[in-house]
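The values are calculated or read from the model by the stated rules, or taken from the named source; none is laboratory data. Nothing here was measured: the structure is a model prediction, and the numbers come from that model. So basically every Cβ, Gly included, is an ideal-geometry build from the backbone, and we count neighbours across all protein chains shown.
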């Protein structure tokens, strides 16, 4: 696989560090595209790639293309816009890493096959340091033989790699992962907010949480940021709202009520409406600590 030309579309916090990781591991990261040409040029210079200014040019100059974009609309744009990645895409493989509505992945796979290309989803449950260090948690959906062909490449980006099933299945799992993470984040924020109002030592409180049924991965990753009001963005509140919305839609389509997910979705949507969508998801603590609402009202 290291003789293949690798391309990246979307080089924000995650995409840029995935590209750096593969470059460091000896892959030929050859082609970079981003809506912001300046950051595309800067990364291209850093890792010895070429920055392209149209999507069709990137397709022409890469064999395996990672897409790391924000949402369904962005994905539709790069694959179905006037200038798009499917132009002359025969024999190309697209590995799509965004958290999307499951049906979008299924549609992409169908159209890719029509133009002689391949698509798989590689949903990520990790953050920026893991992207840089090749320690992503990846959930793969698509054809099993396509996964097997690219397994070594995906292993070089990950510390945990799971083949989930047919196209769309990985995004279902990812939506549930993020739904639960977002609920846990909101619950921790409320617990710390109440503890603060009671005058408790919050670091002591977190230590007790960690040794009881209140423990969670979110406690490990977000508690200190909540207490210190450090909201350097690793996963934005806006994205948390989007992902909880995807989980709600999946639940609704299967006639399942998800009240906790709904309440959390509303809180992250509130942050976004307040202009705080670019805060790290732990920014939900601000609503609780400042008394402007909780995940239950």
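Here are a few things to note about the model shown:
- Selection count, segment 13-35, where residues are part of a loop (DSSP other than H, G, I, E, B) and within 16 Å of residue 133 (Cα to Cα): 3
- Meets criteria (surrounded by 20 or more Cβ atoms within 10 Å (Cβ to Cβ) and either part of a helix (DSSP H, G or I) or not assigned by TED's automatic domain parsing to the domain that holds residue 179 (or both)) for residue 137: no
- Flag if residue 40 is in a strand (DSSP E or B), touching a strand residue (DSSP E or B) at 6+ places or on another chain (Cβ under 6 Å) and without any contact (Cβ under 8 Å) to a residue 40 or more places away in the chain: no
- Every listed requirement among (1) surrounded by fewer than 24 Cβ atoms within 10 Å (Cβ to Cβ); (2) more than 24 Å from residue 148 (Cβ to Cβ) is met by residue 1 save one, (2).
- Residue match in segment 168-190 (condition: part of a loop (DSSP other than H, G, I, E, B), within 20 Å of residue 247 (Cα to Cα) and touching a strand residue (DSSP E or B) at 6+ places or on another chain (Cβ under 7 Å)): yes
- In segment 195-297, counting only helices (runs of 4 or more DSSP H) that sit wholly within it, the ones holding 1 or more residues that are at pLDDT below 95 and under 18 Å from the mean Cα position of the chain (by Cα) span 217-228, 237-253, 259-273.
- Filtered by the rule that a residue be in contact with a strand residue (DSSP E or B) (Cβ under 7 Å, 6 or more places away or on another chain) and either over 14 Å from residue 150 (Cα atoms) or surrounded by fewer than 19 Cβ atoms within 10 Å (Cβ to Cβ) (or both), segment 118-131 gives 123, 124, 125, 126, 130.
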